[in-house]
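A quick write-up on the structure given underneath.
All of the numbers you see were taken from the coordinates with simple rules; none came from a lab. Note that the structure is a prediction, hence the values are computed from the model and not measured. Backbone-built Cβ (ideal geometry, glycine too); neighbour counts: all protein chains shown.
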Amino acid sequence: MRLLRVHITRRSDGGGTLVLERADGSRTWQRQTDRHAAFFAAHDLTHLAVESVLRLRGAFYGLVASGWEFDDFLPPYPRGALPTEALWVELLVGLLDAERASEAAGAARSSAQDMAEMLATAWPSSAGPQPHALDEATLVAVRDARDSHLQRWAAVGVGDMLELEFAP
């Protein structure tokens, strides 16, 4: 069952306008306009891969599907603190973003054990135990999904749209 339709339209600066359409037809959207605009399309697609492969509903896309808006993820956090699962996913996505950037410079991919150790180091003790574990097969599946999304995004022309679904 689709929870969310994901539309990313490529802009001339390399970034994208992200429109998320919920199952009820309501929408929320965001456009990145700063010098990091091109980064956010890849970051958002990495979130989609992580949350879809791990079948998560308590992180970014699942929360948007349940009615959250983009501003709910920013201070002053109108819906309160981000759920533990959303924090964990953000850390993992950040590690995958950093890994992708280092791969472009010739670095090797991290193992699931290395990723788990980096997550443990970054995980705030006040958040309690991490909500998920990461094994090698899951990490490979996440990377494969992310790489597929990024290849499709790379083929999108300026003004054109990539459409995907979030259906964990």
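Here the contact order of segment 29-87, divided by its residue count and restricted to Cα pairs under 8 Å and six or more residues apart, works out to 28 percent. Report the percentage of all Cα-Cα pairs in segment 47-168 whose separation exceeds 24 Å, rounded to a whole percent. For segment 47-168, the fraction of Cα-Cα distances above 24 Å is 32 percent. The distance separating the Cα centre of segment 92-109 from that of segment 116-168 comes to 12 Å. Measuring max minus min along each principal axis, the C-alpha atoms of segment 1-74 give extents of 33, 25, 23 Å (largest first). For residue 57 and residue 109, the difference between the fully extended length at 0.36 nm per residue and the C-alpha to C-alpha distance is 16.0 nm.
Projecting label points 7 angstrom from Cα along Cα→Cβ for residue 155 and residue 34 puts them 3.3 nm apart. Using a cutoff of 8 angstrom between alpha carbon atoms and counting only pairs six or more residues apart, the relative contact order for the chain works out to 36 percent.
Could you work out the local net charge near residue 108, counting Lys and Arg as +1, Asp and Glu as -1, over the other residues with Cβ closer than 15 Å to its Cβ? With Lys, Arg at +1 and Asp, Glu at -1, the neighbours total -1.
From its DSSP helices (H runs of at least four residues, each -39,500 (n - 2.57)), the chain gives a residue-normalised ellipticity at 222 nm of -14500 deg cm²/dmol.
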